[in-house]
Amino acid sequence: MDKKLLRELPSVDELLRSAELKDLLSDLNPCIVKDSVRAAIEWFRKGITEGRIRGLNRTDLIRKIRDRLTVLTEPGLRRVVNASGTVLHTNLGRAVLCREAVDALNLAATGPVNLEFDLARAGRGERDSVVEGLLRSLTSAEAACVVNNNAAAVLITLNTLADKKEVVISRGELIEIGGSFRLPEIIEKSGCVLREVGTTNRTHPSDYTSAITEDTALLFKAHRSNYEIVGFTSEVGLKDMVKMGRTHGLPVVEDLGSGSLIDLSPFGMEKEPVVGERVQMGADVVTFSADKLLGGPQAGIIVGKRRFVDRIRRNPLKRALRVDKLTLAALEATLRLYLRPECLVARLPALRFLARPVEDIDKVAQEAKRLLVDRLGPGYTVEVEDGESVVGSGSLPGYALPTRLVAITHEHVKAERIYAVFLSSTPPILGRINRERFLLDMRTIERAEDVCPDLSPAG
Ligand SMILES: *Cc1c(COP(=O)(O)O)cnc(C)c1O
């Protein structure tokens with residue numbers, strides 16, 4: 001350890017008075033500047049003590065302080081180019097909103113709105129009413145309400161209808177969704193007792209009926225979302241569960257997860273259940289996310305029989321889980337697009353990406369290849385090839401959408417390194433690695449330039 005060097009370290013006060021930091025102090029909150037100065041000095045002190053730093057350079061010290069402040073003053077939430085091949089990427093914020101939703105957000109953000117004010121009756125109104133009518137017509141349900149996300153929708157539904165009572169669910173549906181949504185834990189946190197029936201691969205109607213006791217509050221069905229059970233399987237369908245529910249006087253609740261409002265089979269996606277169909281099949285309450293296949297902002301939607309939805313709305317948890325005006329504005333605008341199904345694919349980014357023809361993807365891929373060959377320079381090989389994208393967010397598991405990939409390889413540079421270079425570009429470009437090759441999935445890319453990294457030293 002170099003004692004002399006330690007003594008040479010300037011004090012916080014000296015640095016704060018120095019001309020080198022004057023501009024920062026006139027611009028930023030002094031506490032923040034002071035904090036960064038203190039942290040930078042500490043960093044140098046530690047380096048000297050541990051023998052890593054053997055000379056003191058004032059320019060380095062000032063740079064350290066400025067770097068720390070840059071991290072604080074630059075936006076943390078940044079635009080990312082999604083070339084990962086996962087269309088609804090949870091880590092990238094799921095659905096990209098439509099133009100109409102962005103306009104509605106802007107309107108709600110920049111001035112007062114009639115969020116809880118009934119203009120017709122000139123009195124207090126109900127927050128969810130701007131979307132309830134739309135949700136009722138789009139799902140044929142008697143009533144609807146909205147909370148923060150689908151996890152919240154499941155939580156409040158179970159807590160309202162089954163607090164301290166038993167919830168019967170098939171073992172094959174006790175799912176975990178990425179990002180720590182575990183159905184057994186949500187059921188427990190809702191104050192309910194989990195009553196698992198059947199086995200992982202097979203559950204029969206008799207499994208449910210023999211589990212029903214005086215303590216049973218409801219029958220629960222969960223969409224498996226991100227996994228499939230194949231082979232020797234048997235599952236009790238919603239219709240049969242509704243029949244059992246009627247016989248025993250128990251409501252049937254379904255967590256649909258993604259839940260599309262329209263039939264997606266014209267776009268080649270057959271298997272995703274449609275919310276309205278589940279309501280018509282007799283589910284008493286159906287919950288689903290607004291930011292998965294629906295293509296809207298993060299929210300959880302609860303639709304179903306009026307008497308159940310009214311009880312859910314009166315639960316004090318509703319106040320804790322309610323959505324804000326921005327979410328409601330974006331959700332209303334997104335739902336309005338569904339009133340004109342012909343324009344949905346053109347207007348709703350999530351559906352546009354999912355339904356995008358391969359020829360269209362290929363055109364952008366070829367253009368990207370041309371640009372990348374130029375941009376990356378010698379040593380790199382850039383090829384366009386067939387591949388598969390996934391829907392993401394637990395929607396349509398095991399379902400692959402044919403796509404076109406731009407594969408980038410280099411004789412001496414590993415795929416991980418290329419991945420990192422693209423990710424450190426401005427804006428960051430997220431691709432994926434498959435069998436030691438770096439791939440850009442062009443399904444979600446509409447302009448070829450978007451996947452060309454900024455390779456300037458600063459970038
Ligand atoms: C995605 C999903 C959830 C969680 O929904 P969030 O909106 O992310 O809270 C719950 N259940 C199922 C079946 C899902 O697919």
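Ignoring ligands, DNA and RNA, what accessible area per residue does the stretch 58-176 give at 1.4 Å, in Å²?
Numbers: 6170 Å² over 119 residues.
Heavy-atom accessible area per residue stands at 52 Å².
On the stretch 163-275, 49 percent of the accessible area sits on carbon and sulfur atoms, based on a 1.4 Å probe. For the chain, rounded, prolate or oblate, judged on the Cα gyration tensor with a ≥ b ≥ c (square roots of eigenvalues), a/c < 1.5 rounded, else prolate if a/b > b/c? Prolate, because a/c is 1.5 or more and a/b exceeds b/c. Leaving ligands, DNA and RNA out of it, report the carbon-plus-sulfur percent of the accessible area of the stretch 349-459 at a 1.4 Å probe. Whole-percent figure for carbon plus sulfur exposure: 50. On the principal axes of its alpha-carbon atoms, the stretch 148-210 has extents of 35, 27, 13 Å, going from largest to smallest. Dividing the radius of gyration of the alpha carbons in the stretch 160-310 by their Kirkwood radius gives 0.94 for Rg/Rh.
Beta bridges from DSSP with both residues in the chain: antiparallel share about 60 percent, rounded to the nearest 5. Within the accessible area of the stretch 1-77, the carbon and sulfur atoms contribute 52%, probe 1.4 Å, all protein chains present. Can you give me the Cα centroid spacing of the stretch 208-233 and the stretch 282-335 in angstrom? Cα centroid to Cα centroid, the span is 23 Å. Cross-link pairs exceeding 20 Å in C-alpha to C-alpha distance, out of K4/K46; K165/K221; K189/K325; K243/K305; K165/K292; K165/K239, comprise K189/K325; K165/K292; K165/K239.
Which of rounded, prolate or oblate describes the stretch 60-183 when judged by the alpha-carbon gyration tensor and an a/c cut-off of 1.5? Verdict is oblate for the stretch 60-183. For the stretch 380-459, the relative contact order comes to 28 percent (Cα pairs under 8 Å, sequence separation of at least 6).
In whole angstrom, the stretch 1-131 maps to an equivalent ellipsoid with semi-axes of 51, 22, 12, each derived as √(5λ) from the alpha carbon gyration tensor and ordered largest first. Stokes-Einstein, applied to the Kirkwood radius of the stretch 61-100 over Cα pairs at a viscosity of 1.567 mPa s and 4 °C, places its translational diffusion at 99 µm² s⁻¹. Heavy atoms of the protein chains alone define the surface here; on that basis the stretch 196-326 has 42 Å² accessible area per residue at 1.4 Å probe size.
Per-residue ellipticity at 222 nm from helix content only, as computed over the chain with -39500 (n - 2.57) for each DSSP H run of at least four residues, stands at -11500 deg cm²/dmol. Secondary structure note: in the stretch 116-232, about 35% of the DSSP beta bridges are antiparallel.
In terms of the Cα gyration tensor, with a ≥ b ≥ c the square roots of its eigenvalues, is the stretch 231-359 rounded because a/c is under 1.5, prolate because a/b exceeds b/c, or oblate? Oblate. Of interest is the spacing of the C-alpha centroids, which for the stretch 91-128 and the stretch 240-256 amounts to 34 Å.
With viscosity set to 0.890 mPa s and temperature to 25 °C, compute the Stokes-Einstein D of the stretch 318-459, Rh being the Kirkwood radius across alpha carbon pairs; µm²/s, no decimals. Value of D from the Cα-based Kirkwood radius: 142 µm²/s. Grouping the Cα pair distances of the stretch 157-248 into 5 Å bins from zero gives a pair-distance distribution of 3, 14, 25, 25, 21, 10, 3, 0 percent in increasing distance order.
The values are calculated or read from the model by the stated rules, or taken from the named source; none is laboratory data. In this text the structure is predicted, and so the values were computed from the model without any measurement. Note: areas computed on protein heavy atoms with side chains; ligands, DNA, RNA excluded. Shrake-Rupley method; radii C 1.70, N 1.55, O 1.52, S 1.80 Å.
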